[in-house]
Amino acid sequence: MAEENVIFVGKKPTMNYVLAVVTQFNNNVDKIIIKARGKAISKAVDIAEITRHKFIQDAKYAEIRIDTETLHGERGESNVSSIEITLTR
């Protein structure tokens, strides 16, 4: 899969990410992955739901993966939850 089919969720407004997902679907991409970590997980779920209910009604959840990643920072190791939501058309 091409890397441009992955949407990394961060601090931008939710609708910016929804627009990115809808644009990808309108460019005839069949599968998009929405990735988020930590506090952005709830925003990723919102993005997927808004996309499915308001813009692309025929989008389906192909896969939802949850995981814990270990990050190394200046205070040592810390565990951060992550999610990958795969939407297909």
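Tabulated values for the structure
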item: Within region 57-72, considering residues that are more than 12 Å from the chain's Cα centre (by Cα) and of a type outside the set (S, T, N, Q), the one surrounded by the most Cβ atoms within 10 Å (Cβ to Cβ); result: Ala59
item: Residues that are closer than 17 Å to Arg89 by Cα and of a type in the set (S, T, N, Q), drawn from region 25-60; result: Asn26, Asn27, Asn28, Thr51, Gln57
item: Residue within region 48-56 that is under 16 Å from the mean Cα position of the chain (by Cα) and in contact (Cβ under 8 Å) with a residue 60 or more places away in the chain present; result: no
item: Subset of region 63-78 [at pLDDT 95 or above, hydrophobic (A, V, I, L, M, F, W, C) and over 23 Å from Asn16 (Cβ atoms)]; result: Ile66
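The rows are residues; the columns are (1) in contact with a Ser or Thr (Cβ under 9 Å, 6 or more places away or on another chain); (2) of a type in the set (S, T, N, Q).
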position	(1), (2)
Ile32	yes, no
Lys60	yes, no
Ser78	yes, yes
Ile85	no, no
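Rundown of residues vs (1) outside any loop (DSSP other than H, G, I, E, B); (2) on the phi > 0 side of the Ramachandran plot; (3) surrounded by 13 or more Cβ atoms within 10 Å (Cβ to Cβ); (4) at pLDDT 95 or above, yes/no style:
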| site | (1), (2), (3), (4) |
| --- | --- |
| Val21 | yes, no, yes, yes |
| Asn28 | no, yes, no, no |
| Ile34 | yes, no, yes, yes |
| Ala40 | yes, no, yes, yes |
| Lys43 | yes, no, yes, yes |
| His53 | yes, no, no, yes |
| Val80 | yes, no, yes, yes |
| Ile85 | yes, no, yes, yes |
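The values are calculated or read from the model by the stated rules, or taken from the named source; none is laboratory data. Because the structure is predicted, anything quoted here is derived from the model rather than measured. Cβ coordinates were reconstructed from backbone atoms using ideal geometry, including for glycine residues, and neighbour counts include every protein chain displayed.
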